[in-house]
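Right, one structure below, let's go through it.
What follows is calculated from the coordinates using simple rules that are stated; it is not laboratory data. Nothing here was measured: the structure is a model prediction, and the numbers come from that model. Cβ placement follows ideal geometry from the backbone for every residue including glycine, while neighbour counts extend to all protein chains displayed.
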Amino acid sequence: FWTDTSVAIERVMRLKKTQRINHFVGMLEICRKKALARNLARLTTRLPGTFNFAPQSFVLPEELEAFMDVVKSNKPKTGGKKTQTKTKTKTYILKPDAGCQGKGICLVQTEAQAIAAL
């Protein structure tokens, strides 16, 4: 059977031999966005060279000030005199913690967009 919540031991004990549960203890620590961001930040601090694959994440509203500082500084930059290349403005993805199927996701590049989305 399918469940999206923690499973009591009593329920596990009633399972038939052919039944399986696809959840495990601590599952919410990796499937909830806020918890995952916090755990990746901890791992990045403890093992910097190993967990550098994830983009910088902010847990809102707790880290709102730090997030807004980064968004405020998000401006296109031009290269040196020789290259004259422009780097693109970064896009930030705001996702609700318990959302699914793309509901509630916003893309922002400016402080005004971030304020409107929050």
Hey, with R₀ at 30 Å, roughly what FRET efficiency would residue 62 and residue 87 work out to, going by the Cβ-Cβ distance, to 0.05?
0.55
Residue-count net charge about residue 112 - beta-carbon cut-off 14 Å; Lys, Arg +1, Asp, Glu -1:
+1
Simple label model, 7 Å out from Cα along Cβ direction - residue 51 to residue 97, nm:
1.8
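Rank-order 43-56, 61-74, 7-20 by packing density, defined as the average count of other C-beta atoms within 10 Å over each peptide's residues, highest first. If you can, show how the numbers build up before the last one.
Numbers: 43-56: 10.6, 61-74: 13.5, 7-20: 8.6.
Result, highest mean first: 61-74, 43-56, 7-20.
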Can you spot the aspartates and glutamates whose alpha carbon is less than 12 Å from residue 75's alpha carbon? Ignore those fewer than 8 places along the same chain.
111
